[in-house]
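Presented below is the structure to which this report refers.
The values are calculated or read from the model by the stated rules, or taken from the named source; none is laboratory data. Keep in mind that this is a model prediction, so the values were computed, not measured. No Cβ is skipped: glycine too gets one built from the backbone with ideal geometry, and neighbour counts run over all protein chains shown. SASA here: full protein model, heavy atoms, side chains in, ligands and nucleic acids out. Shrake-Rupley method; radii C 1.70, N 1.55, O 1.52, S 1.80 Å.
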Amino acid sequence: MTSNSPVPAPRGGSATALAPVRDSARAPDHQPAHERAATRIEALDLVRLLAIVGMMTAHLLAPLALVPDADGIQALLAKVAHVLTEGTSSTLFAVIGGCSLVLATRRRLEIGDRRGAVLSVLVRGACVVAIGLLLELLPSSVMVVLVPFGLAMMLTAPLLLVPSRALVAPLVLLAAAGHPLAQSVPGPVEFGTVTLLSLDDPIGVLRGIILTGQYPLITWVPYLVLGMMLMRRLLHAQQTGQVRCSARRIAAIGVLAALLGHALPLVARMLGASTQGAWYMAAPHTGTLGDMLATGGVAVALIASAIWLLPPGRHLVRRSARILRSAGAAPLSLYVLHVLLTSVGLIAAVVLSGGELTTMPWYVAGMGVLGVHLLLVVAVGAVLARRGNRGPLEALLARIGRRVVPA
């Protein structure tokens, strides 16, 4: 599965969870594909692929768990998928995004290009936002995450210049105070995300983006900051030759944090406290302290465990493993393809039903359509692995970044 190649330990990783660039901060953009592959932190690609699969499962299978009187193996799998993927997949993207911001800007920061490091992230974040706004115009059951993700990247960019020890207090404060602050804001709760059609209500848009939306920045920025701190710690451990030991300890901390997040509501019930909308509940997408501990802990544990099992300097050699790694290195392209396909399926269902959609056909939700999407993931990974290319949208964002903010 892996190779103890004599390749020097890499010094970087991918650019963002949804738009990775080179994994080595010292690897130039014109570096040959086989050399770029040799310098990637491949564990991050595999975890990113896990997040992609979890996201697809949450969109295509998990909703069936909410169908009343559903039975059979598909209903059982839907309930399992709902428990495992709801909230955790998007959180994993966000934490990986923070890790990748550190890796993407490390070279610039090493040579003192602080302005270029921040600007490069701002440009990429703006591109992700633009793609998200376009996708939101499509009829789809998917709540597109790209707009809040890109905005969180842009807000987090200046924090790349701040030492990790100075980020601890703001991280704890946002994690603890975000949910109570959102609850105190008057007005309706926005369950969707920002679209071009909603910009005519600037107050509602700002309220939803920052506090009350499906993916509010007050929750997403801490996830990215957590990823930044995690990757900085692992890179320091790599320099001292203790990356596997450090990753193992961090994974244990992540597991403990996740257990604590899930234990908070149980302890509250034992003490007779009210659990309706409380800060210690761990319901997905609520931004409560319990939710952030649970989902953030899982993300940290998965990333650290992957790096423990496949540390920098070790590379996947089997063809099947390289295919999966290549798919994980093209998350933006796969995400956009996934949203487009769900939109096509929904449009087809509405047209074929004569505008009265009362059931979910197999090509809208269920194991069948999930299998189709997963097969396409493997197919894209196979093509990219054979050609040694990036995903098309990843390459486009890299090209835009080079032109706007030259190295």
Three-way shape label, segment 105-209, alpha-carbon gyration tensor, a/c 1.5: oblate
Of the heavy-atom accessible surface of the chain (probe 1.4 angstrom), what whole percent is carbon and sulfur? 68
If you build a Gaussian network model of the chain, linking Cα atoms that sit under 10 Å apart, which residue out of GLY125, GLY354, GLY112 swings the most? GLY354
Point-to-point label distance, LEU161-ILE400, nm (Cα→Cβ direction, 7 Å offset): 2.4
Expressed in nanometres to one decimal, the distance between label points 7 Å along Cα→Cβ at GLN242 and LEU199 is 5.0
In segment 131-150, whose amide N lies under 19 Å from the spot 7 Å out along Cα-to-Cβ of LEU340? List them in ranges. 131-147
By per-residue mean of other Cβ atoms within 10 Å, what is the highest-first order of 298-310, 278-290? 298-310, 278-290
For the chain, built as a Gaussian network whose Cα springs stay under 10 Å, the top-fluctuating residue of ALA78, ALA166, ALA182: ALA166
At a Förster radius of 51 Å, what calculated FRET efficiency corresponds to the Cβ-Cβ distance of ALA169 and ASP71, to the nearest 0.05? 0.55
Match the structure shown to one of the listed values [x] 27, 60, 13, 0; [y] 24, 45, 26, 5, 0, 0; [z] 19, 25, 17, 8, 10, 10, 7, 4, 0 of P(r) over Cα pairs in 20 Å bins from 0, in percent, computed from it, and give that label. [x]
Across PRO186, PRO216, PRO170, the residue with the highest GNM fluctuation in the chain (Cα network, 10 Å cutoff) is PRO186
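In segment 90-132, which trypsin sites (Lys or Arg not before Pro) are in a loop and have at most 15 other Cβ atoms within 10 Å, using DSSP for the loop call? Each step should come with its number before you reach the end.
Details: sites: ARG106, ARG107, ARG108, ARG114, ARG115, ARG124; in loops: none.
Within segment 90-132, no trypsin sites (Lys or Arg not before Pro) qualify (loop, at most 15 other Cβ atoms within 10 Å).
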Please give the calculated 222 nm ellipticity per residue for the chain, where each DSSP H segment of at least 4 residues contributes -39500 (n - 2.57) and the sum is spread over every residue; nearest 500 deg cm²/dmol? -21000 deg cm²/dmol
